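Worksheet: the structure to be examined is printed underneath.
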Amino acid sequence: MPIELDSPIAATARPAVAPRLFGARAPGLRERAMFTERLALLLETGVPLHAALQSLLEQTDHAQLRAMIAAMCDDILAGERFSTALARHPLFPSTYVNLIAASEAGGFMAEVLVQLVEMDEKEERLRSTLVSALSYPLILLAFSFGVVLFILVSVFPKFATMFAQIHDQLPWTTRGLMVVSRVLTEHGAIVAAAVAALVGGGWMLARHPDVRVAVDRAKLRLPVLRDIFARIYLTRLLRVMGISLERGVTILATLEACRAVVPNADIQRFIRDLETDVTEGKGIAAGFQHNGFIPVAVRQMIATGEETGTLGRVMSRISDSYDRELTRHLARLSKMAEPVMLLVMGVLVGTIVSSLILPIFKLSRSVH
């Protein structure tokens, strides 16, 4: 996509014909990555920051993002720092702002923007991996539920009168499914309202602080979830800490930014403990040594990195390694979940079909 640099425009102007650089939905991780990548390209070619933002504004067709870029242009013309202008918009998290602030002081903003693009791409790739790993089992589960519901609502009522003749001889599975079928057909609206109420109540309950803390604690303690979430949180934490420390952001500012990156109460408590250790002069490695979800190898590498002055580089390498390991782990779990879900689906459908066929055989024998 060509980037025009020679067209002077006002910060609030909108071109008559503009390339569609961003989508129509609310700006998010993908839009931020695209904005950062194009800004880095312009700065690397020697374009001043304000002119680069004007060029991006000219080619942006996203209303909310245009408003953000226009506000940044006005702030920079007013003498504000770019990091200060970014901090006014929720699209750019504290990690992003802190790294830009450090790059402004060191004169390496283009390099930091490239690293921010890589960080957003890795985050998007991790999210896509999670969605891919969960999508197939969830589709199978939804399909199984739909088949069972269809049989109970459409098929079982047609055999209700026939089965009433041999009710005492019916298998217990058939009697139970007939009760469920009768409830669904005669009181479907009440059942739907009850399910909706349960879902709504569960959603409201999940937002309660105590419940959220309990859920966060369970994520790091339950057998299967513990391995997945510990890797996810550790990858995010070390990635942000690594890139921040490598680019000169202070340790306390880095830890403060990390609290918004990992939305887990236990991890945020761990980060606050790290801040206390750093403030008391103990260092980061001491805090990592006393946490159960941190693997022993990671503790040793962080201690070595702190001793040798390469802590940021070590954390970045660990996060990349755990990112690849997490991808492989999710792929294995997805492959293991597929036969399990197929087995569950077969058992459910087989139980329902046998609950229909066995009584029909009994009726046919009684007739003969």
Among Leu57, Leu65, Leu53, Leu91, the single one that is out of contact with any Leu (no Cβ under 7 Å at 6 or more places or on another chain), in contact (Cβ under 8 Å) with a residue 12 or more places away in the chain and not in a helix (DSSP H, G or I) is Leu91
Among the residues listed as Ala253, Ala260, the single one being part of a helix (DSSP H, G or I) and closer than 24 Å to Met204 by Cα
Ala260
Quick one: in the range 269-292, which of the residues that are surrounded by fewer than 17 Cβ atoms within 10 Å (Cβ to Cβ) and within 23 Å of Val224 (Cα to Cα) is farthest from the chain's Cα centre (by Cα)?
His290
Do we find that Phe156 is farther than 30 Å from Arg328 by Cβ and surrounded by 13 or more Cβ atoms within 10 Å (Cβ to Cβ) in this structure?
yes
Residue among Pro15, Pro2, Pro8 that alone is at pLDDT below 85, surrounded by 13 or more Cβ atoms within 10 Å (Cβ to Cβ) and assigned to a loop (DSSP other than H, G, I, E, B)
Pro15
I need the full set of residues from the range 82-99 which are among the aliphatic types (A, V, I, L, M) and modelled with pLDDT of 85 or more, in order please.
Ala85, Leu86, Ala87, Leu91, Val97
Within the range 118-140, of all residues that are loosely packed, with under 14 Cβ neighbours inside 10 Å and more than 13 Å from the chain's Cα centre (by Cα), the one farthest from Gly346 (Cα to Cα) is Ser135
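Every residue, every condition in (1) at pLDDT below 80; (2) of a type in the set (Ser, Thr, Tyr); (3) under 30 Å from Thr327 (Cβ atoms), yes or no:
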site	(1), (2), (3)
Gly106	yes, no, no
Val112	no, no, yes
Ala142	no, no, yes
Gly146	no, no, no
Ser154	no, yes, no
Thr161	yes, yes, no
His167	yes, no, no
Thr173	no, yes, no
Kindly check whether there is at least one residue in the range 194-210 that is surrounded by 11 or more Cβ atoms within 10 Å (Cβ to Cβ), at pLDDT 85 or above and at negative phi.
yes
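The values are calculated or read from the model by the stated rules, or taken from the named source; none is laboratory data. Here the structure is a predicted model, which is why all the values come from computation and not from measurement. Every residue, glycine among them, receives a Cβ derived from its backbone with ideal geometry; neighbour counts consider all protein chains shown.
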